[in-house]
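Here the structure comes first, spelled out in structure tokens, and everything after it is commentary.
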Amino acid sequence: MHWYLIHTKPRQEKLAYENLERQGYVCYLPFLPKEKLHRGKLMVSSEPLFPRYLFIQLDSSNTTKSWSPIRSTKGVSRLVTFGTKPAIVSDALIDVLKSLEAAKQQPQPLFLPGERVRLTDGAFAGVEGIYQMSDGENRAMVLIEVLSRPVQMQVAPGNLSKMS
């Protein structure tokens, strides 16, 4: 048995995973908890660690026979190959990914302390600042400069955007 890589259609990793599992294939789709803004509030969601990819385990002796139903599965775009040979993923890499996924409980924060942000709403819209921390009550502490002095202010995370 070897692990192979499947390229999925955009934002259809879960659909492809569910359909392949329903057909009896052993699949692995690693997720990463991540903070996102949803309707102006910070929410924690699980997103695929590798967008548009998932892993599938197949018997190497009849690989070509096993690929035919996979190609027509909803959510699957194509099989990742090098030339005509399917890309084999090592068992060690899958084991490492599974252990890292199990150990990672804290979501990846949307804003990191010290990161430059821009206020997008309110009296200070357009002002640049430095993200300090989340205060735990759906607000963020931001350091902005007012009258040549640094001032800390609390803002809703939905009123911040990352600087490019």
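The numbers here are math on the coordinates, done by the rules we state, and not lab data. What you are looking at is a predicted structure, and each value in this text was computed from that prediction instead of being measured. Cβ placement follows ideal geometry from the backbone for every residue including glycine, while neighbour counts extend to all protein chains displayed.
Charge tally for V80 (other residues, Cβ to Cβ under 15 Å; Lys, Arg +1; Asp, Glu -1): +4.
Report summary: the helix-based calculation at 222 nm, which adds -39500 (n - 2.57) for every DSSP H run with n ≥ 4 and divides by the residues of the chain, gives -6000 deg cm²/dmol. The modelled label-to-label distance between Q12 and R71, using points 7 Å beyond Cα along the C-beta direction, is 1.6 nm.
Pop the C-beta distance of S46 and V146 into the FRET formula with R0 = 45 Å and round what comes out to the nearest 0.05. Computed FRET efficiency for S46 and V146 comes out at 0.70. FRET efficiency for the pair S90 and L112, taken as 1/(1 + (r/R0)^6) with r the Cβ-Cβ distance and R0 = 41 Å, rounds to 0.80. The aspartates and glutamates whose alpha-carbon is closer than 20 Å to the alpha-carbon of K9, local same-chain residues fewer than 8 away aside, are E18, E21, E47.
Helix 13-22 sits at what angle to the longest principal axis of the chain, using alpha carbons and giving 0 to 90 degrees rounded to 10? Rounded to the nearest ten degrees, it is 30.
Put the Cα centre of the stretch 114-164 next to the Cα centre of the stretch 73-87 and the gap is 45 Å. Straight-line cross-link reach from K85 at under 18 Å between alpha-carbon atoms covers these aspartates and glutamates, not counting any fewer than eight positions away in the same chain: D59.
Which one is right for this structure if Rg/Rh (Cα atoms, Kirkwood Rh) is calculated from it: [x] 1.16; [y] 0.99; [z] 0.96? Entry [x]. Among the trypsin sites (Lys or Arg not before Pro) within the stretch 5-114, those in coil by DSSP and having at most 15 neighbouring Cβ atoms inside 10 Å are R11, R39, R52, K74, K104. To the nearest ten degrees, helix 91-103 and the longest principal axis of the Cα atoms of the chain are 30 degrees apart. Would you list which aspartates and glutamates come within 18 Å of K41, measuring only between C-alpha atoms, while excluding same-chain residues fewer than 8 positions from it? Here the aspartates and glutamates satisfying the reach criterion relative to K41 are D121, D135, E137.
What the Cβ-Cβ distance of R139 and Q105 gives, at R0 = 25 Å and to the nearest 0.05, is a FRET efficiency of 0.60.
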